[in-house]
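Asker: I have a structure I would like to understand better, so I am pasting it below and will then ask my questions one at a time.
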Amino acid sequence: MNCRFNVLRVAVRNLSFMPTSDERNKREMKHLSDQELMRLVQAGDFSPASEIYDRYSSRIYNFAYRFLRNSEAAEDATQEVFVKMLKHANQFHGDAKLSTWLFSITANWCRDYLRKADNKAKEAEDVLITLPAPSELGPDRKLEQREDEKRIQKALTALTPEQREAILLSRYQGLSYAEIAQISGCSEGAVKTRVFRAMETLKKALAGEARGGDRCLNAI
C-alpha cells in the first residue's frame, strides 16, 4: 500500500492517543472484544481506534480493492469507513457484529462510487494488492500465488456488482448469508442465488485458463 494509506494509519493512531477519561494501553486493548472497544468509543473514548483499525483495515481495504479494482478508491473507502465509525459510533448496536457494520459502510461507499459515471468508465488497474503470503512459502510458490490472484481478479470483473459483493463477502471475508443479506438489503435466498451465479461465472472464466484454473477456483 502506498504512502496515502500509511498517512491514514498514522492519523488513526494519533487519534487513539487523544486524552480520555479512561486511558488503556495498547496491550490491554488487544484483550477487549469488538463490542467492548465500541462501547468505549461510544462513551467518547477514542483510544480504541488504533486497535479497531489494526483488526479491520486490511480486510476492508482488500474487499474494497477487489470490488472496485482501484487502489486509490480502496484507500478512500478505508479512510471513510473509519471516519464514519468514529462519527456515527452510536449507530452501532452491541448485539450485532462490528465486522458486519463496518462492511456495510464499506459496501455502501463502493456502491455509491460505482454509481458515478466517471468511475464506471475507469480502466481496471494492473496494480494488485494482496494479503501477505505466509513466510514459509518459497519464491516459486509466492509467484504462483500472485499469478493465481491476478487470474481471479480478472475473473471477478465478469461479475455484476451485486454478485461480486456477495462472493467477496462470503468467500473472502467469511460472512454468513444472513450477514450479507443485512449488508446488501436483500433476502438470504437472494444472496445464495448471487453466490451461486457468481461461482458459475467464475468457473467459466477460469476454465479458459491454460494454467492454474482449477487451483484458482479452489482458492476462492
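Asker: Which lysines, on any chain, are close to Lys30 with Cα under 28 Å apart, when same-chain ones fewer than 8 places away are left out?
Answerer: Filter leaves Lys84, Lys87, Lys97.
Asker: Rank-order 96-103, 32-39 by packing density, defined as the average count of other C-beta atoms within 10 Å over each peptide's residues, highest first. Don't skip to the answer; put the middle values down first.
Answerer: Details: 96-103: 19.1, 32-39: 16.2.
Descending packing order for the listed peptides: 96-103, 32-39.
Bear in mind these aren't lab numbers, they're just calculated from the coordinates by the rules spelled out. The structure presented is a predicted model; accordingly, all values stated were derived computationally and were not measured. In this analysis, Cβ positions are derived from the backbone assuming ideal geometry, glycine residues included, and neighbour counts consider all displayed protein chains.
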